[in-house]
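The values are calculated or read from the model by the stated rules, or taken from the named source; none is laboratory data. Small disclaimer: the values here were computed from a predicted structure and weren't measured. Heads up, the Cβs are rebuilt from the backbone with ideal geometry, glycines too, and the neighbour counts pull from every protein chain shown. To get the accessible areas, we keep the full protein, side chains included, count just its heavy atoms, and leave off ligands, DNA and RNA. Shrake-Rupley method; radii C 1.70, N 1.55, O 1.52, S 1.80 Å.
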Protein chains: 4
Amino acid sequence: MNIIEKFIQVREQTEALCNPLETEDYVVQPVTDVSPPKWHLAHTTWFWEQFILVKHLKNYKEFHPDFAFLFNSYYNNMGKRSLRHDRGFMTRPTVAKVYEYRKYVTGAISKLLENDPSDEVLKLAETGINHEQQHQELLAYDIKFILGTQPTFPAIGDFFKLQKETQDQEWISVSEGVYEIGHKGKDFCFDNELPVHKVYSGDFEISNRLVTNAEYLEFMEDGGYDNFNLWHDEGWHFVQDNKIEHPLYWHFIEGEWRTYTFNGLEKINPDLPVSHISMYEAFAFAAWKGRRLPTEFEWEIAAQKFNWGQLWEWTISAYLPYPGFVTEDGALGEYNGKFMINQMVLRGASVVTPKEHERTTYRNFFHASGRWIYSGIRLVKK
Amino acid sequence: MNIIEKFIQVREQTEALCNPLETEDYVVQPVTDVSPPKWHLAHTTWFWEQFILVKHLKNYKEFHPDFAFLFNSYYNNMGKRSLRHDRGFMTRPTVAKVYEYRKYVTGAISKLLENDPSDEVLKLAETGINHEQQHQELLAYDIKFILGTQPTFPAIGDFFKLQKETQDQEWISVSEGVYEIGHKGKDFCFDNELPVHKVYSGDFEISNRLVTNAEYLEFMEDGGYDNFNLWHDEGWHFVQDNKIEHPLYWHFIEGEWRTYTFNGLEKINPDLPVSHISMYEAFAFAAWKGRRLPTEFEWEIAAQKFNWGQLWEWTISAYLPYPGFVTEDGALGEYNGKFMINQMVLRGASVVTPKEHERTTYRNFFHASGRWIYSGIRLVKK
Amino acid sequence: MNIIEKFIQVREQTEALCNPLETEDYVVQPVTDVSPPKWHLAHTTWFWEQFILVKHLKNYKEFHPDFAFLFNSYYNNMGKRSLRHDRGFMTRPTVAKVYEYRKYVTGAISKLLENDPSDEVLKLAETGINHEQQHQELLAYDIKFILGTQPTFPAIGDFFKLQKETQDQEWISVSEGVYEIGHKGKDFCFDNELPVHKVYSGDFEISNRLVTNAEYLEFMEDGGYDNFNLWHDEGWHFVQDNKIEHPLYWHFIEGEWRTYTFNGLEKINPDLPVSHISMYEAFAFAAWKGRRLPTEFEWEIAAQKFNWGQLWEWTISAYLPYPGFVTEDGALGEYNGKFMINQMVLRGASVVTPKEHERTTYRNFFHASGRWIYSGIRLVKK
Amino acid sequence: MNIIEKFIQVREQTEALCNPLETEDYVVQPVTDVSPPKWHLAHTTWFWEQFILVKHLKNYKEFHPDFAFLFNSYYNNMGKRSLRHDRGFMTRPTVAKVYEYRKYVTGAISKLLENDPSDEVLKLAETGINHEQQHQELLAYDIKFILGTQPTFPAIGDFFKLQKETQDQEWISVSEGVYEIGHKGKDFCFDNELPVHKVYSGDFEISNRLVTNAEYLEFMEDGGYDNFNLWHDEGWHFVQDNKIEHPLYWHFIEGEWRTYTFNGLEKINPDLPVSHISMYEAFAFAAWKGRRLPTEFEWEIAAQKFNWGQLWEWTISAYLPYPGFVTEDGALGEYNGKFMINQMVLRGASVVTPKEHERTTYRNFFHASGRWIYSGIRLVKK
């Protein structure tokens, strides 16, 4: 697939994700972390327009003079921007207008890519594709949160379903040694996956599968949420202050646990991997089980030896720069480095992750309290 | 006009108000006080359904089982309700579905009213009409706020325009005496306008017109917002903490003051009455001018002697029960009495007030900090 | 008693109030409304120094250059001031130093008053005395709160005890008419008690005694705190959000209700008047009883006809200026007028009120949520 | 020095630290992180009483039945406890009573240690000594904050002074390799320094000295606090929201920078190491300089090669468990592990650190926003 085909496909894929939505679903921001789908549609387009078209397409006329300001996310170098927590109050431009914006920019980029683009444009296009794919994943999180917190639990379709992890519980042994970590080769990767560097790891054994709902229910029924010995001090305050007693989207209705899926409320399937838990909960579960979470390096070292890809897996590693990490100059330098504090790394991928983002060196990261992400638990034996 | 015609007219009027809106505009709640237009459309319908149809129309089938919960505002006696500050996250039911709900309930009420309705139903219908008219006014406030705080200041039409108050400044004298206050006669009024009772008033002189933008600008330019001697202690903190230095919707752009109207951003017209100011600002302006605000009784006593109706007029009176005020039993008893604390009375009416609500005994009330209401200032000589 | 004797007596009385305290008790500010006793001692002294000595005593040297800033309360006209909610972090000057400050200023004022003081000084001295007496009352509130919220409930002495209201329940009738309200005569009064003006009052009947603990317990046991129909909407949120289910200082211990007094935790005496309740609670109690609270005018009209003085009595009147109220120029003009918003009037006096402040025209005022004041309930028949 | 001598010395040292304080200084808690000195005195005593005396001294009678509750810090396993942010409202027990408590417990522990203590008691005593020493350091931080935020900047003595770092700037080279990290030998260490494990490190060069005030001023004058490119996104919000433009305790007065020391306000000495900066500021400074902060492992590997001990040095390492870290059972298991989230490691020691805590394996940790700690900056070349 050439770059234009890839580009078109990504743009279509973003819109396909939103296809089942009503106009109203595009607009709201129930919590600061969850952006309106309309905003994702516009912001990804803004990225193409501001980083590529404005600078590299001669005589390019911006679609609308206000959009540079309205759909900037956090790129301080790109000028003033609207406030993150106000995204959900922006009713104009309308959804229809944002789709026009997308069409306009998609057309302009296509034209640019057709006419012998420079290496710089090609590189930026690859970044743009990956940026938009990241937002596809966030779109899935955010749409699920917007619909899943409606009192009416709307069902919009039978997609992004989790599968049973078929294997029985086994422990995969990995020997001590100095390993190479980080992205090798010439394919695209994010700057946070570089540089390749060595890490010493001791012996460890890692599970061949994710923790299931059945196991997690056992933890809940054993009073896991009430036993402070299992929790970080901060995690304990988190669950107490927010009255958290089960994974996000779970509801105890008429004597049984149900969970919100894109298909509406469904009974908990005990064999599926538990999902939508914070790192605090993953940690407490591991403590209760007498196990621990892997480091991100252990995960990367062992990843060839097990199946992964249903859910992002919390690690015990903080999101920090690799030795020798270099920030790019300019606005794109704001991409990753400035978030390397007070966040935890998740490794793997999830059912809502674009296939191109599934690689063993990929570093996803969220605050330990994140629950609306497609997160799960893989254990390591102490 | 008979009760059915009145009913139909009110229902249509509510929808006409929303006609210029895009679907997106119906959904958001930028601050807790400002409800989504969709919510007003549904809540006024809920009122008809729950207070009348469910109790008085045989075999009535509710439009949707969830709506009783979703669109209750604060009537604790009517069962559980969703939280006020979450109204803006409710994407479902959609706007289209809410219009269906309206049509369904309008039809059912029409049928009920056509078939020899009982006196109780007629009385409830009158309350329902007045309730919906109150929400029409709130709708105008809320729509203006939703659009007027968009970074793009959308223009939706040339309506609800203020007029110049044509008169020159004169002072109308009123003599001391014991006056009767409150609603007389058999027309509808709210319980807070009753009972009729006597009030002693001293001599006073009241202005024949509202304060203008020109006069208010003079106050601003004289440092009114920076002179704490003019303000209530609480008002001083209010303007300082919120960095308030001019009426709501005003913007200083390219060397001149503009204000948001439904027609977009327009230059300030110095002859129009100043609007969208809090009671704190009205009080400080009066102090600066060496005048004061009227009490609600002075206003009612003098109202026959001047023109009013462009803007609600802040009074120096707290919203309290009249002597002998009786709360109705049941849910409708929650209508007014429970708000009689820490609110100030406004008298008169505004350009967005339904004509049927224009009477000299009407008591509008808001917290002293309210600025999104159509408020203005009339002065009294000390 | 001449002015110097009065002055000395007031200064001594303030210090006597603090006599049972430990140094530590002087320092803390458990909530913003409750100032450290040390602060009261210093601020009342600051008032004498800044309003009188600095302006009227030739060659007066301020005790310490920082104190003008440190102990200003809210007088914006007197220059910069420290923040109210930071009073409890100020460890220096020490308590001992503040007592030195008091001695120094007391001496200087005495000298000034001995030497043929001007009328202006005499007038200011009277204000200073009344100001300090107001703080004596606040001191009692604040000391009780500081000690009464210690987990250890320290007992410091057997003072400020409430007495049984000996009378049986009777209803005193007052006939309709136009009455004069406000302070007459030449004795000192605060500006908010003026001017004398007429008020029309209808017939009413007022209780000859305060509501007792026994009656209030009945309200509690009848579910008064759980019945939203009895409450203001704002009061309902207040008790729900703060989990309030009984008067301040009450604790249910080993099967019975106790309350904190300066003598430590004591069993509730059913015959004593209920105290330390907010206006919201007073209002809800009255609603439950089928009665109502008096207006401040009714209270003043009827006050000659019943005993009062144990507890301040909540009224249904908002704290607003009397017709023709005039604010003094300069800093003393900040004294009362700027608080005339969103507060309710209490009438009467309490066991901690200096005798000189007991008069039927006195207007005490607090936000409806105030509970640490010595407040009680007197009912009016509807 | 035997265990009893060590114990006595530590107890005396804690009290010596508080010797220059006034009673008032012992009581307040200006921010949640800063505990009242009285609380430190009592809590360290509580630790000895609850973990040793209650369990290991026959017939031991607790000093006061309330203290087990009042002075528990966060040990959920030790029963109910008072709330952290309420420590500053606790006026009773008085400071004098807390000193009595200390004397009582010091006596009892001495007796216990004199009479052939069990190995378990000896081990607990060592933990108690180290625990109290940690609080000595916190006491120094907290006393400085309490005094340094007084508007009057009290001077209490000429101690804990920083020295000029005499060396010229040099870069110490460390070669790549697998290094052993963690505490070896049988001396006391905290559980977070264990187990000893291997870490791979690449080549790096580390500075021989700390960053000076002169260098930091250059950063400030070059607009370091206004250049978002230098900051973590979270750090940028931190300095913007809190209006931070210089290190804690710095004040620009009459044209020059001064800083609060225990000796009062003093002019900034450009040659001293910059102190009281957050990790965000350390990070931004390093970015501005084109350098970076060390990892905690680099620091430990290189520490033999430079002088350290004036200020704790921020690292780029998150505070996480070492591979194989084991939490102790019971309440002492709450000691360290439960804080291993969202905190950054500092290495070294400071002028307020007890000598026994100065070792290259010691892991101090605070949230990246911590500024009241004695923190400094050491750079690494990229």
* In region B:105-151, the residues that are farther than 21 Å from B:ALA42 by Cα and surrounded by fewer than 15 Cβ atoms within 10 Å (Cβ to Cβ) -> B:GLU114, B:ASN115, B:ASP116, B:SER118, B:ASP119, B:GLU120, B:LEU122, B:LYS123, B:PRO151
* Asked: Any chance region B:147-158 includes a residue that's acidic (Asp, Glu) and either closer than 30 Å to B:ARG291 by Cβ or within 14 Å of chain C (Cβ to nearest Cβ) (or both)?
  -> no
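If you check A:ARG92, A:ARG87, A:ARG102, which single one turns out to be in the same structural domain as A:LYS61 (by TED's automatic domain parsing), in contact with a Ser or Thr (Cβ under 9 Å, 6 or more places away or on another chain) and open to solvent by less than 10 Å² (accessible area, probe 1.4 Å)?
Just one listed residue meets the conditions, A:ARG102.
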* Structure fact -> If we keep only residues of region C:168-182 that are under 10 Å from C:GLU300 (Cβ atoms) and in contact with a helix residue (DSSP H, G or I) (Cβ under 8 Å, 6 or more places away or on another chain), then the residue most open to solvent (accessible area, probe 1.4 Å) is C:TYR179
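Every residue, every condition in (1) under 17 Å from A:LYS123 (Cα atoms); (2) touching a residue at least 12 places away in the same chain (Cβ under 8 Å), yes or no:
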{"residue": "A:GLN9", "(1), (2)": "no, no"}
{"residue": "A:LEU17", "(1), (2)": "no, yes"}
{"residue": "A:PHE51", "(1), (2)": "yes, yes"}
{"residue": "A:LYS58", "(1), (2)": "no, no"}
{"residue": "A:PRO65", "(1), (2)": "no, no"}
{"residue": "A:SER73", "(1), (2)": "no, yes"}
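If I ask for residues that are assigned to a loop (DSSP other than H, G, I, E, B) and either within 14 Å of B:LYS381 (Cβ to Cβ) or not assigned by TED's automatic domain parsing to the domain that holds B:SER175 (or both), which ones from region B:273-305 would you list? Don't jump to the end; show me each part of the working.
Pass one, region B:273-305, residues assigned to a loop (DSSP other than H, G, I, E, B): B:274-278, B:290-291, B:293-295.
Scanning region B:273-305 gives B:GLY290, B:ARG291, B:LEU293, B:PRO294, B:THR295.
Yes/no matrix, rows are residues, columns are (1) under 14 Å from the mean Cα position of the chain (by Cα); (2) modelled with pLDDT of 95 or more; (3) more than 14 Å from every other protein chain (Cβ to nearest Cβ):
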residue: D:TRP314; (1), (2), (3): yes, yes, no
residue: D:LEU320; (1), (2), (3): no, yes, no
residue: D:GLU328; (1), (2), (3): no, no, no
residue: D:SER350; (1), (2), (3): yes, yes, yes
residue: D:GLU356; (1), (2), (3): yes, no, yes
residue: D:ARG378; (1), (2), (3): no, yes, yes
residue: D:LYS382; (1), (2), (3): no, no, no
* Structure fact -> Those residues of region B:91-130 which are in a loop (DSSP other than H, G, I, E, B) and hydroxyl-bearing (Ser, Thr, Tyr) amount to B:THR91, B:THR94, B:SER118
* To do: Scan region D:290-307 residue by residue and report those that are surrounded by 23 or more Cβ atoms within 10 Å (Cβ to Cβ) and more than 13 Å from chain A (Cβ to nearest Cβ).
  => D:TRP299, D:GLU300, D:ALA302
* Asked: Yes or no: B:ALA286 surrounded by fewer than 20 Cβ atoms within 10 Å (Cβ to Cβ) and more than 10 Å from chain C (Cβ to nearest Cβ)?
  -> no
* Single residue of region C:245-268 satisfying the filter (in a loop (DSSP other than H, G, I, E, B) and free of Cβ contacts under 8 Å to residues at least 60 places away in the same chain) that is most open to solvent (accessible area, probe 1.4 Å) -> C:GLU254
* Asked: For B:ASP168, all conditions in the list (1) touching a Phe, Trp or Tyr at 6+ places or on another chain (Cβ under 9 Å); (2) modelled with pLDDT under 95; (3) more than 14 Å from chain A (Cβ to nearest Cβ) hold save one; what is the number of the exception?
  -> (1)
* To do: Pick out the one residue from D:HIS246, D:HIS251, D:HIS183 that is touching a Cys at 6+ places or on another chain (Cβ under 9 Å) and within 29 Å of D:LEU162 (Cα to Cα).
  => D:HIS183
* Structure fact -> Picking from D:GLY185, D:GLY157, the residue that is within 30 Å of D:TRP250 (Cβ to Cβ), of a type in the set (Gly, Ala, Ser) and in a loop (DSSP other than H, G, I, E, B) would be D:GLY157
* Quick one: count up the residues across region D:218-236 that are open to solvent by 10 Å² or more (accessible area, probe 1.4 Å) and under 25 Å from the mean Cα position of the chain (by Cα). => 2
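Yes/no matrix, rows are residues, columns are (1) within 14 Å of chain B (Cβ to nearest Cβ); (2) over 20 Å from C:THR295 (Cα atoms):
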residue	(1), (2)
C:HIS183	no, no
C:PHE188	no, yes
C:LYS198	yes, no
C:ILE206	yes, no
C:LEU230	yes, no
* Structure fact -> Checked against (1) in a strand (DSSP E or B); (2) of a type outside the set (S, T, N, Q); (3) open to solvent by less than 60 Å² (accessible area, probe 1.4 Å); (4) under 30 Å from D:GLY202 (Cα atoms), A:LYS198 satisfies every condition except (3)
* Asked: Could you say which residue among C:LYS103, C:LYS111, C:LYS58 is over 22 Å from C:PHE366 (Cα atoms), out of contact with any helix residue (DSSP H, G or I) (no Cβ under 8 Å at 6 or more places or on another chain), away from every other protein chain (no Cβ under 14 Å) and modelled with pLDDT under 95?
  -> C:LYS58
* Based on what the data block shows, is B:MET279 facing chain C (nearest Cβ under 10 Å), farther than 27 Å from B:THR166 by Cβ and in contact (Cβ under 8 Å) with a residue 40 or more places away in the chain? -> no
